[in-house]
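K.L.:
Below you will find the structure I want to go over with you.
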Amino acid sequence: MDTKSVENYLNQFGKNIVSAAKKNLRTAKGSTAIGNSIRFEVVPTSTGFSTKFYMLDYGEYLDKGVSGNKKKQSFENFKKQTQSSPYSYTTKQPPPDILSKWIKKKGIKGRDKKTGRFISNLSLAFIIGRKIKRDGIKSLSFFQKPLGVYYNDLKDNLLKELKFDIETYLTTFYRPK
């Protein structure tokens, strides 16, 4: 059976989600590397098609958040239900060297509380890392939100596309005289 209509619909579904997720990430001033890594593919399976989405691993942490060891984080899933983040900091905190690079890139300068003198990026990175370990990372839901919007459209419209494919298939192989 030729299911071009369904396949085209799923391709548009994937394009819409990827486009909206990238826009949400830009609006939230998230990582451009993560935004550039978001992609999808529609894969034929034995029962039809599967739409698969891909991004850098860190994207899922930004999307769903990460709980700290003192504060729990949650996110809104594509069904608009609030869920606890499946990720959490327990004993380790983010590596100071990675945070130090981010601090340098952003041009952030930390000051000593007592004297007001500037502190090193590595010291500031350690302080920020300690706060992240304690409070976690708030969810951006940059992927979950568009997935929910377009998933509802998918539920409503996919049957129409399937009906069109079936009718096309039947009229192609059965021509009444």
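The values are calculated or read from the model by the stated rules, or taken from the named source; none is laboratory data. All of these numbers come straight from a predicted model, not from anything done at the bench. Cβ coordinates were reconstructed from backbone atoms using ideal geometry, including for glycine residues, and neighbour counts include every protein chain displayed.
K.L.:
Can you tell me which condition A21 does not meet? The list is (1) over 13 Å from the mean Cα position of the chain (by Cα); (2) under 14 Å from P146 (Cα atoms); (3) surrounded by 18 or more Cβ atoms within 10 Å (Cβ to Cβ); (4) not hydroxyl-bearing (S, T, Y), and all the others hold.
P.N.:
The single condition A21 does not satisfy is (1).
K.L.:
Moving to a separate point now. What's the number of the condition Y61 fails, among (1) farther than 27 Å from Q12 by Cβ; (2) outside any helix (DSSP H, G or I); (3) in contact (Cβ under 8 Å) with a residue 60 or more places away in the chain?
P.N.:
(2)
K.L.:
Moving on to the next point. Regarding K72, is this residue among the basic types (K, R), part of a loop (DSSP other than H, G, I, E, B), touching a residue at least 60 places away in the same chain (Cβ under 8 Å) and touching a helix residue (DSSP H, G or I) at 6+ places or on another chain (Cβ under 7 Å)?
P.N.:
no
K.L.:
Next question, about the same structure. For segment 38-46, does any single residue satisfy the condition of being outside any strand (DSSP E or B), modelled with pLDDT of 95 or more and either touching a strand residue (DSSP E or B) at 6+ places or on another chain (Cβ under 7 Å) or hydrophobic (A, V, I, L, M, F, W, C) (or both)?
P.N.:
Yes, that holds for at least one residue.
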